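Structure first, then comments.
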Amino acid sequence: MTNLRPACVAVWACGALLAGTAAAQRDDGVTTFADVIDVRVVNVEVVVTDEQGRRVHGLTAADFELLVDGRPVALDYFSEIREGRAVAAPAGDVPTVPALRPNAPVGTSFLVFIDDFFSIKRDRDRVLDRLEADLAKLGPADRVAIVAFDGHSIAKLTDWTNSSEKLTAALDEARGRDAYGLDRLREQMVGDTARGEQILLRREGAEAFRRGASNLTLLQARNPQARRGEPTLEDTSGDHDVRSTVLDGLSGDTARDGSLDLLNAAGLERQLMRSVLAATATIRGFADPPGRKAMLLLASGWPESAAAFVAGGLPSSADRPSLSPDDSLMSRDALYGPLMSAANLTGYTLYPVDVPGFGPEAPGDVSVAFDVRDEPEAALFSDTDPTRPIGATQAGDSTFLLQREALQHAALERLAGATGGLAMINDQRDTALAAAIADTRSYYWLGVQPQRREDGGVHDVEARLVDRSELSLRTREGYVDLSPEAEVLTAIDTALLFGDPPSTAPLRVRLGEPERAGRRLRVAAELAVPLDHVVFLKREGMWQAELEVWIAATDETGNRSETSFQTFRIAGDYPPEPGQTYYIDTGLELRRREHRFVIAVFDPHSGAILTSSGEIRPP
């Protein structure tokens, strides 16, 4: 480009992506962000009800108080939406939400996320059947988009549409997809059986000590130390330390210190993160539809805590140690925080749907019931056969599973409560869409323009009613002030999942032929940056601009590379002319697999993001 020259030269390290290394650090294969969010206005939808649960109409802005981080803030916008239509504001009231005309229909955009990774096909299809039957309840201004996640990739079954034909076809496609919930169920059963066997083995060892048994045939059969000729119970009856060591050999350290529970909980946690981050990315990929925004989250097997789920939600005991966040497991907010933050940031209300519906009921005579507070390990064994770990439908087994179901319900209720929505629990799964439609028809729309710091900070939002203690309200809890770096990552991740987002400008990229470099591929790339999107400032007698180049890739199995970053400074004696282009030479280094890549160029001064995505196949 005439009169302009780079202050640094692109190097191969700019695109040095090793998908295999990234997979070892992060097993989810799903991105956290997926679109650029500009939060100039924070929308807070408030549902107000009386003591009978009926919607309250006719309130004004003066009836509300909005606090951000505990401090009252002035409302910049206020509108009442009544039965799907905007109500005219009284004279002198706070301005209405932009683009809302009095008595004009205000639709809702319903984003349906189907988690095939945890769902059982029978249960999922039942929910989809009921959802299809309720499509007729949609209003003329409503629209629906449907996506599905299989544990590795997100499939967009339909973009925003109000066409019943397109939605029906998308739901047919959804029912035809594989569901992997039975795999998750088998994994749970294997873990439960292992835990039960360890507890049983520990019981046998303790009983042998109490009897002073000298015949340890059964224990030796299970004791690797005895089989190796090391000290046994009989040989070490007077040595407490050695006896403890032998017991550890009998039951394994896992039964004593909870490491088996920790291992199982960590595996479940990684799986949960896949689905949670997929839902988060979906929200960001569909961040800007018109009207009210709601997400129907078809979830199955999402517990509030992976550790508590593995332990059955029962109190701790010597045989069944508890797990805490100190065990390197995530807290509830850390696990589900990205999804709640994304929903609140983009203005989505979450309506989680309990796909499995009713859980197991305790069968048999109530006289065989027990109090798990007194017998915590009884939930792991049948009452009729205390040597048999969980597996059949017995009273103890049912209590164990009901505890787990309660943890799943708690997670859905938490997601709904944090965003002002409702959790569709048990039989409410059959009316999920109808209930969400009814819930989004009447509300108050409060808008505030916060002072942005772009620091990624989380800000609490609290809405109150002034002198109306007889009324109740429901709303979201906060929003996130997204940083510029996070905005770039959202654009990159949207392109990886859904293609180049409409919020970005196009970037022309010319790739060279892939070349083998040992066990990897090298691909040269030339980026054509249109300078009309770039801001040049005069510094030290020269016109200068600074660009950031970001590159990421995923392979065919969903493994995500680390995002590469490099800064380029362009300098010249004169500013660029309209229509001029600047070229950057860089490249990608990948494992010899098929990859989808995204290259983004970001101008920190203008805020412009240019993206290009595509595929690379090995020769």
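The values are calculated or read from the model by the stated rules, or taken from the named source; none is laboratory data. This one's a predicted model, so the numbers in the text were calculated from it and none came from an experiment. Glycine gets a Cβ as well: all are built from the backbone with ideal geometry, and neighbour counts include every protein chain shown.
Remarks
- The single residue among Asp455, Asp430, Asp500, Asp460 that is of a type outside the set (Lys, Arg), closer than 30 Å to Arg54 by Cα and either modelled with pLDDT under 90 or not in a helix (DSSP H, G or I) (or both) turns out to be Asp460.
- Test: residue in segment 127-136 that is over 15 Å from Asp172 (Cα atoms) and either touching a His at 6+ places or on another chain (Cβ under 8 Å) or of a type in the set (Ser, Thr, Tyr) (or both): no
- Contact annotation: residue pairs with Cβ atoms under 7 Å, 6 or more positions apart or on different chains, pairing a residue in segment 261-272 that is aliphatic (A, V, I, L, M) with a partner that is modelled with pLDDT under 85 and not in a helix (DSSP H, G or I), are Leu262/Leu323; Ala265/Leu323; Ala265/Leu329; Ala266/Leu329.
- Exactly one residue among Gln52, Gln25 is modelled with pLDDT of 85 or more, surrounded by fewer than 19 Cβ atoms within 10 Å (Cβ to Cβ) and of a type in the set (S, T, N, Q), and that residue is Gln52.
- Qualifying residue in segment 106-115 (condition: surrounded by fewer than 20 Cβ atoms within 10 Å (Cβ to Cβ) and within 26 Å of Pro356 (Cβ to Cβ)): no
- Screening Ser606 against (1) assigned to a strand (DSSP E or B); (2) among the small types (Gly, Ala, Ser); (3) in contact (Cβ under 8 Å) with a residue 60 or more places away in the chain leaves a single unmet condition, (1).
- Ala136 meets the conditions (1) among the hydrophobic types (A, V, I, L, M, F, W, C); (2) out of contact with any Ser or Thr (no Cβ under 7 Å at 6 or more places or on another chain); (3) within 25 Å of Ala418 (Cα to Cα) in every case but one. The failed one is (3).
- Pairs where the first residue, in segment 176-188, is part of a helix (DSSP H, G or I) and the second is among the hydrophobic types (A, V, I, L, M, F, W, C), C-beta under 7 Å, 6+ apart: Gly181/Phe118; Gly181/Ile120; Leu182/Ile120; Arg184/Phe118
- The lone criterion from (1) in contact with a strand residue (DSSP E or B) (Cβ under 8 Å, 6 or more places away or on another chain); (2) modelled with pLDDT under 90 left unmet by Glu45 is number (2).
- When the strands (runs of 3 or more DSSP E) confined to segment 77-136 are screened for residues that are within 30 Å of Gly151 (Cα to Cα), those reaching at least 2 such residues are found at 108-115.
- Positions within segment 433-448 being surrounded by 23 or more Cβ atoms within 10 Å (Cβ to Cβ) and within 20 Å of Asp50 (Cβ to Cβ), in sequence order: Thr440, Tyr443, Tyr444, Leu446
- When we screen Ile37, Ile114 for residues that are in contact with a helix residue (DSSP H, G or I) (Cβ under 8 Å, 6 or more places away or on another chain) and at pLDDT below 90, the only hit is Ile37.
- Condition met for Glu470 (part of a loop (DSSP other than H, G, I, E, B), modelled with pLDDT of 85 or more, farther than 30 Å from Phe568 by Cα and assigned by TED's automatic domain parsing to the domain that holds Phe78): yes
- Boolean, Ile584 is in contact with a Ser or Thr (Cβ under 8 Å, 6 or more places away or on another chain), surrounded by 21 or more Cβ atoms within 10 Å (Cβ to Cβ), within 18 Å of Ala505 (Cα to Cα) and not hydroxyl-bearing (Ser, Thr, Tyr): no
- Test: residue in segment 87-105 that is within 29 Å of the chain's Cα centre (by Cα) and surrounded by fewer than 20 Cβ atoms within 10 Å (Cβ to Cβ): no
- Scanning segment 574-596 for residues that are of a type outside the set (S, T, N, Q), under 19 Å from Leu489 (Cα atoms), at pLDDT 85 or above and in a strand (DSSP E or B) turns up nothing.
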